[in-house]
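What follows is a short report on a single structure.
The values are calculated or read from the model by the stated rules, or taken from the named source; none is laboratory data. Computed from a predicted structure; not experimentally measured. In this analysis, Cβ positions are derived from the backbone assuming ideal geometry, glycine residues included, and neighbour counts consider all displayed protein chains. The accessibility values were calculated without ligands, DNA or RNA, using every heavy atom of the protein model including side chains. Shrake-Rupley method; radii C 1.70, N 1.55, O 1.52, S 1.80 Å.
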Amino acid sequence: MTLKEINIIPEPANISLKEGAFFLNEQTQILTDVKVKETAEQLKQILSSVLGLNIPIEEYKQTNESKNLIILKRIYSEKHLNHEGYTLIVSQDRIEIMASTSKGLFYGIQTLRQLIPQDKVKNENLNLEFFIPCVVVEDYPRFQWRGFMLDESRHFFGKKVVKYILDLMAFLKFNTFHWHLTDDQGWRVEINKYPLLTEIGSKREGTITARQKALLCSEKQKIPIDGIPVTGYYTQNELKEIISYAAERHISIIPEIDIPGHTTAILASYPHLSCTGGSFDVSTRFRVHKDVLCIGNSEIFEFLENILDEIIHLFPSQIIHIGGDEVPTKRWKDCPKCQAFIQTKGLNNVMNLQPHFTNRIGKYLASKDRRIIVWNDILNDDLISNAMCQYWLNNFNLVLVHVQKGREVVMSEMNALYLNYPYKLIPLHQTYSYDPIPSDLEEKFHKNILGLEACLWTEFVSTKEILDWYTFPRLIAVSETGWTPKKKRNFDSFLKRLDNFLPLLKAFDVRYPSKEEFLQKQ
Ligand code: ACM
Ligand code: ZN
């Protein structure tokens, strides 16, 4: 066997092949530090569900000399300063996974899983046996933020699909799930204080027909809708269940409550929070909507703070996404309440309204020990200093200014990391070859680029099958950008390893497109 025959995605920072193999079978034992027993249970569960092997877990003792062991150990050494890093040593007698945290061990297990060949072999006693090549892997991620965003406003997929995505993210060593839960087309999170947000705001009559027209149409044009209702939301109990499911997989969930634009679902539920008074329907069409929250309304901050109180009570994430993208000022210009607010606060003009709003919400969340992240649309000189930015499109210079102030950015460059475009438009190679660190950025600021996040917007993604088609294999490519050292990334090598990796996705029931489809040329 040669190193070229080992196919791990994301490619580890360091891997070397040794002589021989370890034989994994029903006599193998898992030995674990008691402190990481839950991680050992996760390994046991994988070996059982994927390979059909039932392997016992015992407590690790320094003196254990026996063979045929998988040992999970927490260690503290120079090598394991990165809390997500791990060492995996497969030798003929034993497999050792070492890390300073259970998260590192968890990632070591994900790598081990890819080293196990898919074909089962029976040994002379007719036991199931899998041979694993002897290797030494010293691995750690390039970036601390390896994210995936799912838009569940435009279409609602529900708990089962979200757990499925979290499983796949964990397998690919992603650590951040950004959940776009609110938008013009639906509000998807139960808020006890404002029940109409879900009673009214989670239901729309249908979706505009004809993708082309939908993207071009203005608010005035009447384009037929398909008449297929889109409804659904998460109860707070379901959210808690999903948050803990993610935490078991070392994934942090960042909820997004998109304000003050993309808020038609709020306005349909509580029309008095608009500048005009309404009425509104939960939107059935896409693009930017001119009706936004009325910032001059005396109730608006209390309303949003009450919502955010429930959100931070549910979500342990220190970082809360408050959107801020694509907010037109037309309604604020014409609104006496907004104009009076501008006067009272000495804001001079309507352009200062959203920056003021964002900082006020940001300060409120800071008072609760949380930080905001916002889309780059709202970058400005006065943005509160602890705000993080997510870049997607336009005005990249402002992102560089933000970074040069020592502030933090996550990159979601639309032309590479938005997954909801046909492969003809954004070929796999374009996604793979994108690098989050701009080539002309001074090295001392590189650390301010926390990483990258792939986004799946779901205007035209209505089922799990369509979701799969756009997301895989693109998300696999993004996992490598997030994890693997830049100098080790290579598209040809990735494609070759992908051949081996894609069949592993069958265990998750992923319906990925054929190679002809995802490699098609522009
Ligand atoms: C966005 O795509 N509107 C952030
Ligand atoms: Zn107003």
Seminar exercise, completed: Output ordering of 271-281, 98-108 (per-residue mean of other Cβ within 10 Å, highest first) is 98-108, 271-281
Problem set entry | Helix 236-248 axis, angle to the chain major axis (alpha carbon atoms, nearest 10°) | 40 degrees
For this session: Would you kindly state how much longer the chain becomes between Phe396 and Glu38 on full extension, computed as 0.36 nm times their sequence separation minus their alpha carbon distance, in nm to one decimal?
Result: 124.5 nm
Exercise. Can you give the Rg to Rh ratio of the stretch 378-522, both from alpha-carbon atoms, with Rh computed by the Kirkwood formula?
Worked result: 1.01
Problem set entry | All aspartates and glutamates inside 16 Å of Lys203 as judged from Cα atoms, apart from same-chain residues fewer than 8 positions distant | Asp151, Glu152, Asp183, Asp184, Glu190, Asp226, Asp281, Glu459
Exercise. Relative to the compact globular guide of 2.2 N^0.38 Å, what is the alpha carbon radius of gyration of the stretch 409-466, as a ratio?
Worked result: 1.33
Exercise. Which of the peptides 148-157, 29-38, 51-60, 413-422 is most tightly packed, and how do the rest follow, judged by the mean count of other Cβ atoms within 10 Å per residue?
Worked result: 148-157, 413-422, 29-38, 51-60
For this session: Quick one: pull the percentage of alpha-carbon pairs in the stretch 182-297 with a separation above 21 Å.
Result: 44 percent
Seminar exercise, completed: Too long for a 23 Å Cα-Cα cut-off, among Lys405/Lys488; Lys444/Lys496; Lys18/Lys73; Lys159/Lys222; Lys79/Lys447, are Lys405/Lys488; Lys444/Lys496; Lys159/Lys222
Problem set entry | Convex hull volume per residue for the stretch 47-190, taking Cα atoms only, in Å³ | 161 Å³
For this session: Taking a cut-off of 16 Å between Cα atoms, list the lysines near Lys160, but don't count ones fewer than 8 places away on the same chain.
Result: Lys240, Lys464
Exercise. Net charge near Met1, counting Lys/Arg +1 and Asp/Glu -1 over other residues with Cβ under 11 Å of its Cβ?
Worked result: 0
For this session: Within the stretch 258-297, which residues have the backbone N less than 19 Å from the label spot 7 Å out from His356 along Cα→beta-carbon, could you tell me?
Result: 259-261, 273-276, 292-297
Exercise. If we count every other residue with Cβ under 11 angstrom of Pro271's Cβ, Lys/Arg +1 and Asp/Glu -1, where does the sum land?
Worked result: -2
For this session: Provide the packing ranking of 298-308, 6-16, 250-260, i.e. peptides ordered by the mean count of other C-beta atoms within 10 Å per residue, highest first.
Result: 250-260, 6-16, 298-308
Problem set entry | Pairs of Cα atoms farther than 20 Å apart, the stretch 16-110, % | 33 percent
For this session: Counting only heavy atoms of the protein chains, get the accessible area per residue of the stretch 234-371 (1.4 Å probe) and round it to a whole Å² value.
Result: 39 Å²
Seminar exercise, completed: Computed over all unlike Cα pairs, the Kirkwood hydrodynamic radius of the chain in Å stands at 24.7 Å
Exercise. Taking every pair of alpha-carbon atoms in the stretch 268-422, what share in percent sits in each 10 Å bin, from 0 to the bin with the longest distance?
Worked result: 10, 34, 38, 17, 1
Exercise. What are the ³J(HN,Hα) values, in whole Hz, obtained from phi via the Karplus relation 6.51 cos²θ - 1.76 cosθ + 1.60 with θ = phi - 60°, for each residue of the stretch 144-159 in sequence order, with x given for Gly and Pro?
Worked result: 7, 10, 10, x, 9, 10, 10, 8, 9, 7, 5, 9, 10, 9, x, 4
Exercise. Hey, any idea what % of the stretch 16-100's accessible area is carbon plus sulfur with a 1.4 Å probe?
Worked result: 47 percent
For this session: Only helical DSSP H runs with n ≥ 4 go in: add -39500 (n - 2.57) per run for the chain, normalise by residue count and round the 222 nm mean residue ellipticity to 500 deg cm²/dmol.
Result: -9500 deg cm²/dmol
